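What follows is a single structure, written as C-alpha cells, with notes after it.
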Amino acid sequence: MYCVCREHVELAIDKFVDEYEDAPDLVNLQTTAFSAWTPPEHCEWCGNPAEILVV
C-alpha cells in the first residue's frame, strides 16, 4: 500500500505490480473517508500532499 502524490502514482503502481504481481486499486484520498485509518498527509517519496492510495 502506498500513499502518493499524483506525480508518483506511476512509480507506486510499478512497485505494487512488482511486489504483488497484480494490478492495484487506486483510491482518491480527497474524496474518500476511512473510519479506522488516517492516511498520511505527505507522499511517501516527496513532501507533496498525498492524494492517491495505491492498494
For this session: Return the loop-located GluC sites (Glu not before Pro) in the chain (DSSP other than H, G, I, E, B) with at most 15 other Cβ atoms within 10 Å of their own Cβ; answer none if there are none.
Result: Glu21, Glu41
For this session: Just name one of Thr38, Cys3, Leu53: the one whose Cα is farthest towards the positive end of the charge dipole of the chain (beta-carbon charges, Lys/Arg +1, Asp/Glu -1).
Result: Thr38
Seminar exercise, completed: For Cα extents along the principal axes in Å the list reads (1) 53, 14, 11; (2) 28, 24, 14; (3) 51, 19, 9; the calculated value is entry (2)
Problem set entry | Stretch in the chain that is longest and holds no chymotrypsin sites (Phe, Trp or Tyr not before Pro) that DSSP places in a loop and that have at most 12 other beta carbons within 10 Å | 1-33
Exercise. With axes computed from alpha carbons, what is the tilt in degrees of helix 9-20 against the longest principal axis of the chain, rounded to the nearest 10 within 0 to 90?
Worked result: 60 degrees
For this session: Determine the dipole magnitude for the chain: charges of +1 sit on the beta-carbon of Lys and Arg, -1 on that of Asp and Glu, nothing else is charged, the reference point is the Cα centre, and the result goes in debye to the nearest 20.
Result: 260 debye
Seminar exercise, completed: With only helices counted (DSSP H, runs n ≥ 4, each -39500 (n - 2.57)), the per-residue ellipticity at 222 nm for the chain, to the nearest 500, works out to -7000 deg cm²/dmol
Exercise. What is the gain in length, in nm to one decimal, between Leu11 and Thr38 on full extension, counting 0.36 nm per residue of separation less the C-alpha to C-alpha distance?
Worked result: 7.5 nm
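All of the numbers you see were taken from the coordinates with simple rules; none came from a lab. It should be emphasised that the depicted structure is a prediction, and the values quoted were computed from it without experimental measurement. Cβ coordinates were reconstructed from backbone atoms using ideal geometry, including for glycine residues, and neighbour counts include every protein chain displayed.
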